[in-house]
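J.: This is the structure I have questions about; it appears just below.
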Amino acid sequence: MTDTTPSQGKASRPKVKPTIARIRVAARKVFYTKGFFPASVEEIAEKAGVSRATVYLYYRSKDEMLLDLMRQDLEYQLEIYAELVTVKRLSLSSVRKWIVRLRGEQEERRNSLNLFWAGANLQTDILDPVYRHHDNIIATLGRRFPGFDLDALPRDEREPQRIKCYMMLFMIEGTTVQITEGGPGPNVKMAIDHLARTLLHFLQHGEVMTSPPE
């Protein structure tokens, strides 16, 4: 996978310096093929065509490099969730189309999941961005959809609704990441159809229904 971002966000983002972009691409290639823990800074530097000292100008440690790549993935996923906010006409068809797009991007970035497994084994604050990620998604979707708009609720109702939001996000992640075409799990098309109905109902009403109306 290359170090790319969706076209929607390019205009508003500062340009990434060529050297750090090369290091990021090299780090992904090394981490994906060899794994995070066996990989070395020397290997990443060689793959990027820079010196070890140059790598340390941008990253104090391999852990910090992992954190940066994880942050990139989370930011990219958040951009895809933001696309749902811009859908002109909310319908079962448009929600399903968005889910298919999210699933396609998750499939393209499947190797990135290994970064998160590696991060989960580090006893540092490297997972803080992961913990904040779902709340960022909720805040983004809450700009348009009542089901995710926690700020509109009385203070004592926010945490119960936040839990429901998390449940909905976990359902989205489980369907788009864990259910694979041709695998032993559920039928992909049926799973996406069911998820689309469930998500549409949640966006409009803020309730997770396992069998929403057809």
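The values are calculated or read from the model by the stated rules, or taken from the named source; none is laboratory data. Everything numeric here is computed off the predicted structure, so don't read it as measured data. Every residue, glycine as well, gets a Cβ built from its backbone with ideal geometry; the counts of neighbours run over all protein chains shown. Keep in mind that these areas ignore ligands, DNA and RNA; they rest on the heavy atoms of the full protein, side chains included. Shrake-Rupley method; radii C 1.70, N 1.55, O 1.52, S 1.80 Å.
J.: Identify the single condition in (1) open to solvent by less than 20 Å² (accessible area, probe 1.4 Å); (2) modelled with pLDDT under 80 that T176 does not satisfy, given that it satisfies every other one.
T.: (2)
J.: Are any residues in the range 114-143 assigned to a helix (DSSP H, G or I) and either at pLDDT 80 or above or more than 18 Å from D63 (Cβ to Cβ) (or both), and if so, which ones? Don't jump to the end; show me each part of the working.
T.: Step one: filter the range 114-143 for residues assigned to a helix (DSSP H, G or I), giving 114-120, 125-142.
Listed by number, the residues that qualify are R132, H133, H134, D135, N136, I137, I138, A139, T140, L141, G142.
J.: What residue, among those in the range 30-58 that are assigned to a loop (DSSP other than H, G, I, E, B) and not β-branched (V, I, T), is most open to solvent (accessible area, probe 1.4 Å)?
T.: Within the range 30-58, the first condition is being assigned to a loop (DSSP other than H, G, I, E, B), and the residues that meet it are 35-40, 49-51.
If we keep only those that are not β-branched (V, I, T) as well, we get 35-40, 49, 51.
Details: G35: 22, F36: 14, F37: 112, P38: 78, A39: 6, S40: 33, G49: 58, S51: 57 Å².
This residue is F37.
J.: For Q161, state whether it is farther than 30 Å from E64 by Cβ, surrounded by 14 or more Cβ atoms within 10 Å (Cβ to Cβ) and either without any contact (Cβ under 8 Å) to a residue 40 or more places away in the chain or not charged (D, E, K, R) (or both). Show your work before the answer.
T.: Numbers: farther than 30 Å from E64 by Cβ: yes; surrounded by 14 or more Cβ atoms within 10 Å (Cβ to Cβ): yes; either without any contact (Cβ under 8 Å) to a residue 40 or more places away in the chain or not charged (D, E, K, R) (or both): yes.
Yes: the conditions hold for Q161.
J.: If we scan the range 181-195, do we find a residue that is in contact (Cβ under 8 Å) with a residue 40 or more places away in the chain and not β-branched (V, I, T)?
T.: For the range 181-195, residues in contact (Cβ under 8 Å) with a residue 40 or more places away in the chain and not β-branched (V, I, T): present.
J.: One residue is enough: does the range 178-194 have a residue meeting the conditions hydrophobic (A, V, I, L, M, F, W, C), part of a helix (DSSP H, G or I) and under 27 Å from R24 (Cβ atoms)? Steps first, please.
T.: Within the range 178-194, the subset hydrophobic (A, V, I, L, M, F, W, C) is 179, 188, 190-192.
Checking which are part of a helix (DSSP H, G or I) leaves us with 188, 190-192.
Narrowing further to those that are under 27 Å from R24 (Cβ atoms): none.
No: the range 178-194 contains no residue that is hydrophobic (A, V, I, L, M, F, W, C), part of a helix (DSSP H, G or I) and under 27 Å from R24 (Cβ atoms).
J.: Is it fair to say V95 is out of contact with any Cys (no Cβ under 8 Å at 6 or more places or on another chain) and at pLDDT 95 or above?
T.: Numbers: out of contact with any Cys (no Cβ under 8 Å at 6 or more places or on another chain): yes; at pLDDT 95 or above: yes.
So V95 passes the test.
J.: Something else now. If you take the residues in the range 70-86 that are open to solvent by less than 30 Å² (accessible area, probe 1.4 Å) and in contact with a Phe, Trp or Tyr (Cβ under 7 Å, 6 or more places away or on another chain), which one is modelled with the lowest pLDDT?
T.: Ranking the qualifying residues of the range 70-86, first place goes to M70.
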